[in-house]
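Notes to accompany the following structure.
The values are calculated or read from the model by the stated rules, or taken from the named source; none is laboratory data. A quick note: this is a predicted structure, and the numbers were derived from the prediction, not measured. A quick note on method: Cβ atoms are made from the backbone with ideal geometry, for glycine too, and the neighbour counts reach across all protein chains shown. Keep in mind that these areas ignore ligands, DNA and RNA; they rest on the heavy atoms of the full protein, side chains included. Shrake-Rupley method; radii C 1.70, N 1.55, O 1.52, S 1.80 Å.
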Amino acid sequence: MKVSRIDQLLKDKKIGLEVSVQGWVRTFRSNRFIALNDGSSIRNLQCVVDFEAFDEQQLKLITTGACIEVTGDLVASMGAGQEVEIQVKKLKIHGASDAEKYPLQPKKHSLEFLREIAHLRPRTQTFGAVFRIRHHVSFAIHQYFHQRGFFNVHTPIITGSDAEGAGEMFRVSTIDPANPPRNEDGTLNYKEDFFEKPVNLTVSGQLEAELFATALGKVYTFGPTFRAENSNTSRHLAEFWMIEPEVAFANLHDNMDLAEDFLQSVIKSVLENCREDLEFLSQRLVDEEKGLAAAERSSMSLIEKLEFVVNNSFRRVSYTEAIDILKNSKPNKKKKFNYIIEEWGADLQSEHERYLVEKHFQSPVILFDYPAKIKAFYMRLNEDGKTVRAMDVLFPGIGEIIGGSQREERYDVLKKKMEDFHIEPEELYWYLDTRRFGTCEHSGFGLGFERLVQFVTGMSNIRDVIPFPRTPGNCEF
Ligand code: 4AD
Ligand code: MG
């Protein structure tokens, strides 16, 4: 018999139908009621066994964590909590579970504890919901771009250029660290290494995406990125996924329009397609905040927050305006910020970004036209000669979720910029070539995928929205 998925059975409610279901036991009550979950839904299917009809040894194997298959008729449920249940006729144990040693006992576990058993945590309600939503976010992103004529480009993961300067890089090498080949002067002889030169894991696919945008018009990347910064925060990973659209003939304003429409569309799609999981996570946050004083609780539920972002325009504010606001803000004057804003040109820290979004504007914000000195070499220089067409999208609870810019398309200006930033133009000759052969205005941005999943699920730590987090000192599983 064809095996059914629980989400479908609970939706169709075809009373009288004989069905088979495979899944993992959440609980087994009174030797009679199995709560079975197959991962398709936050909801369990209640399976009712008549213990007299089954072998006692077999029933003993139905413990929390065990993998089983049941076959029986779908009937209207007498009990509260579910509309339908299965009256079990046949039972198969796929894999018993050592009930005493199973780390996921049916009780509340801390997220920190669950991080230590990341191989089992997708079996919990919270992580099941998070990872189903993660899938939907990914799917909605591909769908968004595909429907608008963008082409997905697979940019390389191993890269020979380290010029973007987006972060510290991980070296990739096959050299034996215990016995490295050396030149006469004692330096490493990279000629003996696999690629015959130093190479790294990529920090971004942008430069390669630009090459494709100036050929296919509208492209996007969606791939893993690696940064070896030693930042142990709730918003940084050493390995994370980034989405980088790049559009020919687009200026900074087109870029801001795209970023806003893109985020709103993806979040809207999740609101439409992940209702039950979102309701569960929304309630989870309410429960978590129960111990807090009223003033410290969130003013909006998770779902309300998502709806707010979908239905309200993002505030667009220049860096210069933002600095004025921050300079005159209470936490700056009372020296509550860790980094006091003294003057124009200061780099913004996440405490400043969050003040603007959460306290001042109470809305997502797009900051643009940053000082050239604090942004990457490839951003287009404005007429004032001191700011560049950069933009950062800032979200409540997250801070920077997107970073992007209009690119410098003028060969001479770009080359001069590279020299100022001490980047050898020869090293990036292929990047400069696009400016020699048919250059055009173009723009793009990078969205941190996990930061978006954090926002959508309300999870406060980025390690809880990626299946197997990599952070300093942590590369288990
Ligand atoms: O602002 P970033 O460094 O921009 C770039 O890499 C550009 N090349 C993007 C482009 O214009 N195509 O990174 C983009 C986004 C950030 O806004 C943030 O959301 C995320 O990537 N991000 C991280 N997410 C998790 N862990 C980290 N260590 C991250 N570093 C950046
Ligand atoms: Mg950035």
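What to note about this one:
- Shown for the chain are the DSSP H helices of 27 Å or more along their axis, judged by Cα atoms, with a mean Kyte-Doolittle hydropathy of at least -1.0: 125-147, 252-273.
- Mean Cβ count within 10 Å, highest first, over the residues of peptides 37-46, 283-292, 345-354: 37-46, 345-354, 283-292
- Karplus-based coupling profile of the range 330-337, in residue order and whole Hz: 4, x, 6, 5, 8, 6, 7, 5, with θ = phi - 60° in 6.51 cos²θ - 1.76 cosθ + 1.60 and x standing for Gly or Pro.
- Amide H partners (placed H, <5 Å) of Val84, local residues excluded: Ser77
- Greater than 24 Å apart at Cα, pairs in Lys14/Lys305; Lys60/Lys92; Lys107/Lys305; Lys60/Lys90: Lys14/Lys305; Lys107/Lys305
- Across the cross-link table entries Lys13/Lys268; Lys290/Lys327; Lys335/Lys375; Lys336/Lys416, which are compared at the Cα atoms, the separations over 29 Å belong to Lys290/Lys327; Lys336/Lys416.
- If you take all other residues with their beta carbon under 10 Å from the beta carbon of Ser234, and give Lys and Arg +1 and Asp and Glu -1, the sum is +1.
- Relative contact order, whole percent, for the range 65-222 stands at 18, derived from Cα pairs under 8 Å and 6 or more residues apart.
- Nonlocal amide H pairs with Thr225, under 5 Å, H built at 1.01 Å: Phe240, Trp241, Met242
- Once the 1.4 Å probe is applied to the protein heavy atoms, the chain comes out at 50 Å² accessible per residue.
- The amide H of Arg316, built 1.01 Å from its N in the peptide plane, has Ile366 as neighbours under 5 Å, considering only residues 5 or more places off or on other chains.
- Applied to the range 461-466, the Karplus parametrisation 6.51 cos²θ - 1.76 cosθ + 1.60 on θ = phi - 60° returns per-residue 3J(HN,Hα) values of 10, 4, 5, 9, 10, 10 Hz, with x for Gly and Pro.
- Ranked by how many other beta carbons lie within 10 Å on average, peptides 274-281, 459-466, 364-371, 382-389 from highest: 364-371, 459-466, 274-281, 382-389
- Sites Glu196 and Leu120, calculated FRET efficiency, Cβ-Cβ separation with R0 35 Å, nearest 0.05: 0.20
- For the range 345-408 versus the range 325-342, the gap between their alpha-carbon centres in whole angstrom: 18
- Ignoring aspartates and glutamates fewer than eight residues from Lys89 along the same chain, the ones with Cα atoms less than 20 angstrom from its Cα are Glu18, Asp38, Asp50, Glu52, Asp55, Glu56, Glu69, Asp73.
- Ellipticity at 222 nm from helices only: DSSP H runs of n ≥ 4 in the chain, each -39500 (n - 2.57), divided by the residue count, give -9000 deg cm²/dmol.
- Relative contact order %, the chain, counting alpha carbon pairs below 8 Å whose residues are six or more apart: 13
- Selection from Phe262, Thr214, Gly186 lying farthest towards where the dipole of the chain points positive, charges on Cβ: Phe262
- Distance (nanometres) between label positions extended 7 Å along Cα→Cβ at Gln82 and Lys334: 5.3
- Distant alpha-carbon pairs in the range 147-222 (separation over 18 angstrom), percent: 54
- Neighbour net charge for Leu271 - beta-carbon separation under 13 angstrom, K R +1, D E -1: -3
- The chain - percent of accessible surface contributed by carbon and sulfur, probe 1.4 Å: 50
- Each of Phe139, Leu114, Gly128 was scored by the projection of its Cα onto the charge dipole of the range 98-140, and the greatest displacement toward the positive side belongs to Phe139; charges sit on the C-beta of Lys, Arg, Asp and Glu.
- Semi-axis lengths (Å, descending) of the ellipsoid that matches the C-alpha gyration tensor of the chain: 48, 28, 22
- Distance from the range 166-222 to the range 17-57 (C-alpha centre basis), Å: 52
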